[in-house]
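First comes the structure, then the notes that go with it.
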Amino acid sequence: MAGARRFPAVVPLTTGPVPEHARDMSDLDHLLVANRRFAATGAKDRVPAIPFLPTRQVYLLTCIDPRVDPAALFELDLGDAIVARTVGGRVTDAVLDDLAWISYLHEVKTPDEPWFEFVVIHHTDCGTGLMADPELRAGFVARGFDDATLQRTAVLDPARTVPGDVQRVLEATTVSGDVAVSGYAYDVATGLVTQVVAPTSRNAVRSVQPG
C-alpha cells in the first residue's frame, strides 16, 4: 500500500515460521491479524439475537472523525449499539432512510419490545467547520457540490447544530413516531459528552399538544 506506515511483523495465531510476505506489514495487515485474534474469542457469540434490537437500546449517529469513535467514548461492546457515522455526524437523507427501515422492522417484527433511542452527536473542533470557509468551499463547489448544503453541514458549535438535526429526525414521517430522539455534544478536549436536547419522540410531542 503506497504511503502506508510499515511495522515489524506480528506473529499470527498459527504455528510455524512467519511467511516472507508477512515480515513487512502495512496498517491494514495489522488489522487483519487483530481480526484473527478477535475471531478466536467468544465475543462474536455474545450479541443480540435480533440485530435491530441492540443490547443497550441506542442508535448512535456520530462523525467519521477518528477521534470520535463511539466504542471508545461509551465503552461499547459488540452488539451494544447501532452506529451510523457521517461527516459531522449530520442527519442526511441516507441516515433517515436507514433509520426508517430499522424502525419499520421494529414495528412489524418486534412490536412488543422496548424502543431504542436515536442519539445525534456533534463534536467540537469538527473538520466540517472548514466548510464555513468561502474560499475553500468554492473549490469544492466547482466540483459539482451545492454551496448552500455545504454551508449547512458545517459544525462550528454543536450546541447550535444538534437541535436542528434532532428536529429533522422528529419531522421525518418515514421514521416511526415512537423513536425517541436526543442530542449531545462531545468535547474532544475534555472527552466529555453533554446533553443538548433531551429525548423525545414525535408521538410524545403530539400527545402533549393542545386539541
(message) With the requirement that a residue be under 20 Å from the mean Cα position of the chain (by Cα) and either more than 17 Å from CYS63 (Cα to Cα) or surrounded by fewer than 16 Cβ atoms within 10 Å (Cβ to Cβ) (or both), what does the range 106-129 give you?
(response) HIS106, TRP115, PHE116, GLU117, ASP125, GLY127, GLY129
(message) Here are the criteria: (1) within 18 Å of ALA84 (Cα to Cα); (2) in contact with a helix residue (DSSP H, G or I) (Cβ under 6 Å, 6 or more places away or on another chain); (3) not β-branched (Val, Ile, Thr). Tell me which single one ASP178 does not satisfy.
(response) (1)
(message) Testing TRP101 on (1) without any contact (Cβ under 8 Å) to a residue 24 or more places away in the chain; (2) within 21 Å of LEU60 (Cα to Cα); (3) of a type in the set (Phe, Trp, Tyr); (4) outside any helix (DSSP H, G or I), one condition comes back false. Which one is that?
(response) (4)
(request) Check the range 130-149 and report whether any residue there is under 20 Å from the mean Cα position of the chain (by Cα), assigned by TED's automatic domain parsing to the domain that holds PHE52, among the small types (Gly, Ala, Ser) and surrounded by 14 or more Cβ atoms within 10 Å (Cβ to Cβ). (result) no
(message) Looking only at the range 135-157, how many residues end up being farther than 27 Å from TRP101 by Cα and in a helix (DSSP H, G or I)?
(response) 10
(request) Would you check if there is a residue in the range 65-84 being surrounded by fewer than 15 Cβ atoms within 10 Å (Cβ to Cβ), farther than 19 Å from PRO163 by Cα and among the β-branched types (Val, Ile, Thr)? (result) no
(message) Regarding the range 89-97, can at least one residue be identified that is touching a residue at least 40 places away in the same chain (Cβ under 8 Å), assigned by TED's automatic domain parsing to the domain that holds PRO199 and surrounded by fewer than 18 Cβ atoms within 10 Å (Cβ to Cβ)?
(response) yes
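Check ASP69, ASP77 and return the single one that is closer than 30 Å to SER182 by Cβ and either at pLDDT below 95 or within 13 Å of the chain's Cα centre (by Cα) (or both).
ASP69
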(request) Quick one: count up the residues across the range 167-187 that are outside any strand (DSSP E or B), surrounded by 14 or more Cβ atoms within 10 Å (Cβ to Cβ) and β-branched (Val, Ile, Thr). (result) 3
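The values are calculated or read from the model by the stated rules, or taken from the named source; none is laboratory data. This structure is a prediction, so every number in the text was calculated from the model and none was measured. Quick reminder, even Gly has a Cβ in these numbers, built from the backbone with ideal geometry, and neighbours come from all protein chains shown.
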